[in-house]
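Heads up, the thing below is written out as C-alpha cells.
The values are calculated or read from the model by the stated rules, or taken from the named source; none is laboratory data. All figures in this text were calculated on a predicted structure; none of them were measured in a lab. Here the Cβ is made from the backbone with ideal geometry for all residues, glycine too, and neighbour counts use every protein chain on show. Each accessible area value is taken on the protein alone, full model and side chains, heavy atoms only, with ligands, DNA and RNA left out. Shrake-Rupley method; radii C 1.70, N 1.55, O 1.52, S 1.80 Å.
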Amino acid sequence: MKNFEGIHPILTNHLRLDWLTEFKLQDVIDFQKKFDKNADIKSTGDFINEAMKDVMRQKALLWGIENKETHEFMGMGGIANISKDDTAPTIYIQAIDNIDTSLEIELINRIHILAKNYWPTAKFSYNVYPSNAEIERHLNLY
C-alpha cells in the first residue's frame, strides 16, 4: 500500500486540503462545536491525534478544508474504511452549512480522483454533509 503521509496539501481551483495539524486549533474546535457542543481543546486535540494515527497506519485519510481566497476553515473531508483489499472505502465530507454547492462538487471530484488513483478497483460509498439534490445527482454519476 502507498504511503499516505505525503498526500497533502491537495489543491483545487478554490480550496486547500491539508492535515488538521496545519490549521489553527481554534478553527477546528469552532467547527467541531457545530456538531458537538461539548467540543473543547482536549477532545479536539485527541480527535486530531487519532486522525493522524489513522493516516500513519494507512487506515484513513482526513484533511481540513480551507477556502484559498478567504482562508476560512470550511470543514473536513477524507477517505475512511481503507483496507489493502480495496473493499469499500467511504469518501466523506463534513462542511459548513453554507458551502456553495459548486465548491462542494469541486471537493468531491478531487477526493474521488485521488481515491480512484489509489484504489482503482474499489466501489466507493459517499457520506456528504451538507447535501442537496444537485450533490446527490452528482454522486450518482460515480
Here are 73, 23, 35: which of them is open to solvent by 10 Å² or more (accessible area, probe 1.4 Å) and either under 19 Å from residue 131 (Cβ atoms) or not hydrophobic (A, V, I, L, M, F, W, C) (or both)?
35
Within region 77-87, is there a residue that is closer than 22 Å to residue 23 by Cβ and acidic (Asp, Glu)?
no
Out of the residues in region 1-17 that are modelled with pLDDT under 95 and in contact with a strand residue (DSSP E or B) (Cβ under 9 Å, 6 or more places away or on another chain), which is most open to solvent (accessible area, probe 1.4 Å)?
11
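Conditions (1) in contact with a helix residue (DSSP H, G or I) (Cβ under 9 Å, 6 or more places away or on another chain); (2) under 24 Å from residue 27 (Cβ atoms), marked per residue:
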residue	(1), (2)
63	yes, yes
72	yes, yes
82	yes, no
96	yes, yes
108	yes, yes
119	no, no
123	no, no
139	yes, no
Residues in region 78-110 that are of a type in the set (A, V, I, L, M, F, W, C), open to solvent by 20 Å² or more (accessible area, probe 1.4 Å) and closer than 17 Å to residue 11 by Cα: how many?
2
Taking residue 60 and the conditions (1) at negative phi; (2) open to solvent by 20 Å² or more (accessible area, probe 1.4 Å), which numbered condition does it fall short on, given that it satisfies the others?
(2)
Kindly list the number of the only condition in (1) over 19 Å from residue 122 (Cβ atoms); (2) of a type outside the set (Val, Ile, Thr); (3) touching a residue at least 40 places away in the same chain (Cβ under 8 Å) that fails for residue 47.
(3)
Yes or no: residue 44 under 16 Å from residue 95 (Cβ atoms) and either open to solvent by 90 Å² or more (accessible area, probe 1.4 Å) or among the polar types (S, T, N, Q) (or both)?
no
Give me the pairs: first residue in region 115-132 and part of a loop (DSSP other than H, G, I, E, B), second residue open to solvent by 50 Å² or more (accessible area, probe 1.4 Å) and among the acidic types (Asp, Glu), beta-carbon distance under 6 Å, and six or more apart or on different chains, which are they?
130/97
